[in-house]
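These notes concern the structure reproduced below.
The values are calculated or read from the model by the stated rules, or taken from the named source; none is laboratory data. Predicted model, so just to flag it, every value in this text is computed and none were measured. Don't worry about glycine lacking a Cβ; one is built from the backbone with ideal geometry, like all the others, and counts go over all protein chains shown. Accessible surface is based on the protein model in full, side chains and every heavy atom, while ligands, DNA and RNA are left aside. Shrake-Rupley method; radii C 1.70, N 1.55, O 1.52, S 1.80 Å.
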Amino acid sequence: MVIPLHDEGLSINYQGYTCTPLFSYSRSLGLEPDFGYVHILREDFGDFTITESLRGAEAPRFTTRVDEPGQGFMSSGDLVVTEKIEDKTYSTTFRHVLVTTDAVKSVIPVDDASDLVRVSITDIRYLWSRRGVVFDWVNVLPQAATLPARRTITTLADLPADVWIEGSLTNGAEPYTLRQVLEEIIIPRLPGQPPLRRLPLDLETAVPINHVWDGVPTKRALADLLEEFNLVLALNPDSSISLWRPEEGPAQLQNGDPIPPNVVSHNLPLIAYHYKPAVVLVLGPARILGTRIDNLEAVGETFGTVVPLEDALRGIGLTMAQAMRFALATPQERSTLFDVTPEAVKEFDRWAFKWYRLPGGELAHLDHLPMVDRPALDTKGLLLPPRVFSESVTVADVAVLLDRGTTGPTADLLRQRLRAANGSELLALVNLPFQEASGGYRLDRDRGIVMFDRVMGTVFGDAVLSHEVPLNEPARVAVEFGYRSKPRAIDQLTISHRYFSVWVRDGADGARQEPVLPVDAFPLVVHRPDLQEVRDVSGNHNRALLDEVARGVAEEVFKRPTSTLGGEVQLHRPMPAVNTGMVQSITWSTEAELPRVRLFIGTKEPFAPADEPITTRARNPAEPAVRDIAVMPRGWKL
């Protein structure tokens, strides 16, 4: 049953049940949950049952418990810690306090229902790792636009107008601000839907850039934003969230007031030392390079192995000369002039004069395979599909060719044949020049093979009658594509195959770029999978932009202080203190049945939860979520 609060002294109440004066509960900066416990007499709550109560996260709507004995617990509820002394009341209320998976456990074995039960509790962040998903893209810039070459807060005034990908903007066709992204996209998809209590004033108009969240966990999308603007998250007792810069904000109460000196028991100062690196290495993924390879080799397939065309033809009983005639022969001519089995004809029609691979095959081009989309920095898109160029022959009506002005001896021959046809339709083969193919092919990107839908080659002369001529030779074929930089089989693997940028500390907090890692350097490595270096076939590249972003990353590291003055402050009243950029951990507990609140300033509590490794920068460059769009680096922060 529910027991009313004491008139005076310390009372601890969880979900309406009075708890013994033996509890502990913590709050730390970051996205990871904190834990604690309360103790309740078994006879006070009755059943060992827990009813789901989190709307959206587990229950379709909020559930309320009827205030009757034997109702057990809800999966979440309020924890209220109150101390009443004469005419003064000190109180802290924690909203959305969850029971953990091990939940309710008896700690003292007895024969009746008078045992003491420990309830393990946590906060709403407990569900953030596995609940919530975001499908959205925010403020995406095309490749033609460039980011401002500076690392201060980006606002609308800093960015070019009318260059955004329209679908990534707000309904009003304006770029999202940081607050809008949080309140309209991220928070509605977080379990608990915590309201945003605080955002640094100068970030109210900040504009996040180039976020593509294609089915990523909401927690990771939130981590993206915190990373971009170098912010840390604090979950307040009322289950709202505040965003702070690191080492920003003094110790304070939830309403923003300073902590009254009369509730402070003691203050133990400390100095936290931070090892600042001499060298920062910003490391991106493998570079994507564009190339064009000409004179692809005609091939066929024998027992699943791709071989030169002449070897494949020999396997089905044809010489190259026979195959030249066979390629353009009619079905009747094939059956009467050639001794080839139906299975061989089927194989011939599948690959003969249709498959063309990179010269030398896979082994000769291990550094170019698999093919990927090609960089195209002079267009609006960043990565475009490969291009294929070829020469070929086509069938045309002789009368149409003459009408289009065909002249010379070829035209005279065509007129003679057309008169001899006496009005019947007469067809001829025409060589098409070497040009880009708009379709009619597919690519085997892993093996580097262009597979055409029809025979590709040339014939002797132009406008030759189709029933009189064989192919002259296989077609000239070229392909333009991208590939991820990697060593050849005879080369060593080096750092140059990836985007990298080396920065050496210059003075107190400046950064100087170096072309290579200094000898005996032990760099701090910052992995940035969004810093995708690309270089097209014309030599155009985006390295200058990436280096500017990397400079900001390095400067952020070098600007960090080598030491921070902090301390542990203890309060002897249950005050609603909050985490800030400086106050990294807070623990509410009791000692000898007296309330204690410990604030850890400049450092975290020794056993505070460690940050879960999160891969931010939601878009994986190896598997672009959005093709034909330049998804550029998202800001300059770690």
### Task
Kindly list the residues of the range 255-295 that lie in the label zone of Q492, defined by a backbone N under 12 Å from the point 7 Å along the Cα-to-C-beta vector.
none
### Task
Express in Å², to the nearest 10, the accessible area of R560 obtained by rolling a 1.4 Å probe over the protein heavy atoms while all chains stay in place.
110 Å²
### With all protein chains modelled, accessible area of T177 [1.4 Å, Å²]
30 Å²
### Task
For L199, list long-range residues whose amide hydrogen, built 1.01 Å from N in the peptide plane, is under 5 Å from its own amide hydrogen.
L243
### Query
Just how far, in whole angstrom, is the range 470-487 from the range 182-237 if you go by their alpha carbon centroids?
47 Å
### Task
Can you send over the solvent-accessible area of T49, 1.4 Å probe, protein chains only, in Å² to the nearest 10?
60 Å²
### Task
From largest accessible area down, sort Y126, Y275, Y176, Y14; use a 1.4 Å probe on the protein chains.
Y275, Y126, Y176, Y14
